[in-house]
Structures are given as C-alpha cells and as structure tokens.
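Here is the structure we will look at, set down as structure tokens.
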Amino acid sequence: MDDIKVDKYTAALKLIEILLEKGKINQATYTNIVKHTNSHISQAA
C-alpha cells in the first residue's frame, strides 16, 4: 500500500474544521486560526 503524505498545516486545518463542525470551537475561533495560518504561510513563502 502506498504511503499518503499530508502537509502538517493541511492536516491541522482539517482537524480544526472537524472541531468546528462538531461544535467544539466557534466560528470566530476558526476564522482567527485560518487568518493566522494564512499569514504564517504567506511569510514563509
């Protein structure tokens, strides 16, 4: 079976989306995390 490689940021965002869907975090928290992640990725490029 082939190994699946997933970027750690992509995996973290997917897990955070799941938490949002399950009601474990609110929309504002999700939005702040995504904004922070996007700015972090932009600076790294």
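The values are calculated or read from the model by the stated rules, or taken from the named source; none is laboratory data. Remember, it's a predicted structure, so these values are computed and weren't measured experimentally. Every residue, glycine as well, gets a Cβ built from its backbone with ideal geometry; the counts of neighbours run over all protein chains shown. The protein model used for the area step is the full one, side chains on, heavy atoms only, and it has no ligands, DNA or RNA in it. Shrake-Rupley method; radii C 1.70, N 1.55, O 1.52, S 1.80 Å.
Here's the yes/no breakdown for (1) assigned to a loop (DSSP other than H, G, I, E, B); (2) modelled with pLDDT of 90 or more; (3) surrounded by 10 or more Cβ atoms within 10 Å (Cβ to Cβ):
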position: ASP2; (1), (2), (3): yes, no, no
position: LYS5; (1), (2), (3): yes, no, no
position: GLU17; (1), (2), (3): no, yes, yes
position: THR29; (1), (2), (3): no, yes, yes
position: ILE41; (1), (2), (3): no, no, yes
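Beta carbons closer than 9 Å, at least 6 apart along the sequence or on distinct chains, pair a first residue in the range 1-19 that is of a type in the set (Ser, Thr, Tyr) with a second that is open to solvent by less than 60 Å² (accessible area, probe 1.4 Å) for TYR9/THR37.
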